[in-house]
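Before any comments, here is the structure.
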Amino acid sequence: MSRAFLEKCPRIMAVSVSGAGFDTVDVQACTDRGVIVVNQAGANKEAVAEHVIGMMLALAKRMLGMDRSLRRERGWHRSDYMGTELFGKTLGIIGLGNVGSRVAELCGGLFQMQVSAYDPYLSEKEIEDRGASPVVLEKLLESSDFVSINCPLTTETAGMINSTAIGQMKTTAYLITTARGGIVDEGALVEALENGWLRGAGVDVWAVEPPPLNHKLINFDNVILTMHTAGITEEARQRQGVYAAEQWLQIAAGTRPARLVNPSAWDGFQARRKRTKMR
């Protein structure tokens, strides 16, 4: 949904994305034209949070490595695959929205992890109310045993986790990204893994989806790869449909929708709605 597309379709009043991410929409272009944008934030938070924890557990317990070895070879000793525990470790969450808050709640409760978070759009109190300790990004990277990326892809977050950021992490840490491709510099992640600067990673989102079969991240046994499926469950898809339908009914009635991405476009939308006698 680009500015050029909107110019070709001047009667568009509203745009609804199926998930939480809205990086496929030029929000500023929509706002300029009085077009409101809604997403379905929160519909897949359980699915993504569970995926994050699943990756954390599988990486820490080295489950994939054991599965591969057990299927293809003998001669290993079970101590060769000694893992670590999540209990009491430090989790750093970048982006404490719907998903990040749920990850904080589950990890802080189930595993009694020390949860810290970086989110420049929340106050310290809001972060604390969501179950995390507020920290600056550098401190989060330096202190965390697991780093979970749960922020949207924007001009501010694109390439945020680059070689400098990864270099600030512990060499024993794991990086989990289930947000959007482009936030993590994949080349920097490959380099870190090649040089032993990280213990492992869980990657669900990619700069190019699907990634090419010769992508270097495929070569690492200490990396779990999934195909942007963290939020894909039967339950999440049903909630997304319900959320979207509810918001379209609100829009049609002239009621402010529950998950408005660009609230500054609301007045312009209302003015256009009156002019076009939208029913």
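Observations on the model:
- Filter result for Glu105 (acidic (Asp, Glu), under 26 Å from Lys45 (Cβ atoms) and at pLDDT 95 or above): yes
- Failed item, numbered, when Ala43 is tested on (1) open to solvent by 10 Å² or more (accessible area, probe 1.4 Å); (2) not in a helix (DSSP H, G or I): (1)
- Of the criteria (1) modelled with pLDDT of 95 or more; (2) outside any helix (DSSP H, G or I), which one Leu57 fails: (2)
- Complete set of residues in region 220-252 that are farther than 22 Å from Trp266 by Cα, touching a strand residue (DSSP E or B) at 6+ places or on another chain (Cβ under 6 Å) and in contact (Cβ under 8 Å) with a residue 60 or more places away in the chain: Asn222, Ile224
- Residue check for Gln240: closer than 21 Å to Gly21 by Cβ and polar (S, T, N, Q): yes
- Of the residues Glu246, Glu209, Glu235, the single one that is more than 30 Å from Lys139 (Cα to Cα) and touching a His at 6+ places or on another chain (Cβ under 6 Å) is Glu209.
- Matching option when the condition is basic (Lys, Arg), open to solvent by 20 Å² or more (accessible area, probe 1.4 Å) and in a loop (DSSP other than H, G, I, E, B), among Arg74, Arg68: Arg74
- Unmet criterion (only one of (1) farther than 20 Å from Gly19 by Cβ; (2) acidic (Asp, Glu); (3) touching a residue at least 12 places away in the same chain (Cβ under 8 Å)) for Glu124: (3)
- Output for region 251-271, where each listed residue is part of a helix (DSSP H, G or I) and crowded, with 18+ Cβ neighbours inside 10 Å: Ile251, Ala265, Phe269
- Looking only at residues in region 1-24 that are touching a residue at least 60 places away in the same chain (Cβ under 8 Å) and farther than 12 Å from Leu260 by Cα, the one that is most open to solvent (accessible area, probe 1.4 Å) is Arg11.
Residues are listed down the side, and each one gets a yes or a no for (1) more than 21 Å from Lys170 (Cα to Cα); (2) over 23 Å from the mean Cα position of the chain (by Cα):
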site	(1), (2)
Ala49	yes, no
Lys61	no, no
Met66	yes, yes
Asp80	yes, yes
Leu86	no, no
Thr90	no, no
Gly97	yes, no
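The values are calculated or read from the model by the stated rules, or taken from the named source; none is laboratory data. As the structure is a computational prediction, the values presented were derived from the model and not from experiment. A quick note on method: Cβ atoms are made from the backbone with ideal geometry, for glycine too, and the neighbour counts reach across all protein chains shown. Areas reflect the complete protein model, heavy atoms only, side chains present, ligands, DNA and RNA absent. Shrake-Rupley method; radii C 1.70, N 1.55, O 1.52, S 1.80 Å.
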